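This report refers to the structure that appears directly beneath it.
Derivation of every value follows stated rules applied to the coordinates shown; laboratory data play no part. Worth saying up front: this structure is predicted, and the values here are computed from it rather than measured. A quick note on method: Cβ atoms are made from the backbone with ideal geometry, for glycine too, and the neighbour counts reach across all protein chains shown.
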Amino acid sequence: MDATQDQDIDRRLEALEVKAAFTEDLLEQLNMTIYRQQQRIDGLVQQLVELRRQTPDDAAGARSARDELPPHY
């Protein structure tokens, strides 16, 4: 190999290292995003469970179509 080939290989290797570093950073950001979303989902599930616990069992069946009149009536 001559000097220009060595320089080309070094330049390509450096470009790959930079891409790998950016990829690792992006992967970490995506992992944190997924983690925060899962925390939010877990919180929302807890709220839903609490709301269902507060709602009487017979309340859902007691509603009729007349309770759902459109706003123009």
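Using the empirical formula 2.2 N^0.38 Å as the baseline, the Cα radius of gyration of the chain reaches a ratio of 2.59. Seen against the Cα atoms of the chain and their longest principal axis, helix 3-54 is set at about 10 degrees. Each Lys and Arg Cβ is given +1 and each Asp and Glu Cβ -1; about its Cα centre, the chain then shows a dipole of about 740 debye.
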